[in-house]
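Below you'll find the structure, written out as structure tokens, and then a few comments.
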Amino acid sequence: MNVLYGRRRRLEKFLVLELVARVPYQTWEHAAYLSITRHARDTLRARAIYRRVQRARDQQDNEQWHLFIIEDMLDHRGQEVGRFRYRFLPQVIAFFYYQVSWLMFVVRPEWSYALNADFEDHAEHEYMAFVDEHPELEGVACSCSVADVYGCHERFADVLRQIALDERAHKDESIEDLSVLAAERAEWAARKRRGR
């Protein structure tokens with residue numbers, strides 16, 4: 001990100017971040033559906049996998065709201081973004097990130113969850129640092145088009161803090177999923193040994 005978009009924190013860079021942030025959740029949903037099909041006869045296992053699908057879908061939707069909010073903030077400021085750099089190139093990045101996430105998830109799901117936890121941790125800190133660097137946002141009223149769905153706050157600074165907290169929650173959920181996966185594997189291995 002820093003090579004392509006610079007070190008400075010800017011809303012345009014967050015736009016790219018949010019476009020890419022949805023990718024692991026899309027990957028997990030797709031891979032989980034394949035796994036559900038493979039384990040359809042083992043309904044306990046298939047349902048456990050489906051619960052992860054639902055959670056990934058919720059996280060993906062939350063990242064989509066973040067994207068809408070950043071778009072609204074850029075529009076509110078009258079900032080135009082270049083089509084190639086901020087529309088096309090992020091899709092290329094997302095495409096390759098999808099492949100990496102999918103491969104990691106198929107080979108060792110823990111790797112994909114750990115990578116996402118690192119990504120979300122970085123995003124949380126970047127948002128908080130951005131708010132600290134821009135105290136003028138404390139006085140800017142929020143005019144988000146998704147206010148009724150996302151539950152936007154009155155000030156843009158508070159909205160960005162909420163996004164940072166969402167990113168922390170995503171990180172924590174990825175870490176939790178690491179523990180859940182380990183417990184499920186142990187349970188499934190025990191069931192297999194017992195011949196169930």
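The values are calculated or read from the model by the stated rules, or taken from the named source; none is laboratory data. Because the structure is a prediction, the values reported are computed rather than measured. Cβ placement follows ideal geometry from the backbone for every residue including glycine, while neighbour counts extend to all protein chains displayed. Heads up: the accessible areas ignore ligands, DNA and RNA and are worked out on the full protein's heavy atoms, side chains in. Shrake-Rupley method; radii C 1.70, N 1.55, O 1.52, S 1.80 Å.
Test VAL16 against the criterion of being under 30 Å from GLU136 (Cβ atoms) and without any contact (Cβ under 8 Å) to a residue 60 or more places away in the chain, and give yes or no. No.
The listed residues are ARG9, ARG45, and the only one of them that is over 21 Å from TYR98 (Cβ atoms) and not in a helix (DSSP H, G or I) turns out to be ARG9.
Test TYR113 against the stated conditions and say whether it is part of a helix (DSSP H, G or I), more than 22 Å from ARG52 (Cβ to Cβ) and hydroxyl-bearing (Ser, Thr, Tyr).
For TYR113, the condition - part of a helix (DSSP H, G or I), more than 22 Å from ARG52 (Cβ to Cβ) and hydroxyl-bearing (Ser, Thr, Tyr) - is not met.
Apart from one condition, GLN99 fits all of (1) farther than 20 Å from LEU67 by Cα; (2) in contact with a helix residue (DSSP H, G or I) (Cβ under 8 Å, 6 or more places away or on another chain); the exception is (2). Restricting attention to region 60-81, report how many residues are free of Cβ contacts under 8 Å to residues at least 12 places away in the same chain and either part of a helix (DSSP H, G or I) or more than 22 Å from SER145 (Cβ to Cβ) (or both). Residues in region 60-81 being free of Cβ contacts under 8 Å to residues at least 12 places away in the same chain and either part of a helix (DSSP H, G or I) or more than 22 Å from SER145 (Cβ to Cβ) (or both): 2 in total. Within the option set SER101, SER35, being of a type in the set (Ser, Thr, Tyr), free of Cβ contacts under 8 Å to residues at least 60 places away in the same chain and part of a helix (DSSP H, G or I) holds for one residue only, SER35.
Go through (1) over 19 Å from the mean Cα position of the chain (by Cα); (2) charged (D, E, K, R); (3) closer than 25 Å to HIS134 by Cα for ARG83 and report which single condition fails. Going through (1) over 19 Å from the mean Cα position of the chain (by Cα); (2) charged (D, E, K, R); (3) closer than 25 Å to HIS134 by Cα one by one, ARG83 breaks only (3).
Test of understanding: among GLU71, GLU136, GLU29, which residue is open to solvent by less than 60 Å² (accessible area, probe 1.4 Å), of a type in the set (Asp, Glu) and under 30 Å from ALA157 (Cβ atoms)?
Criteria check complete, one pass: GLU71.
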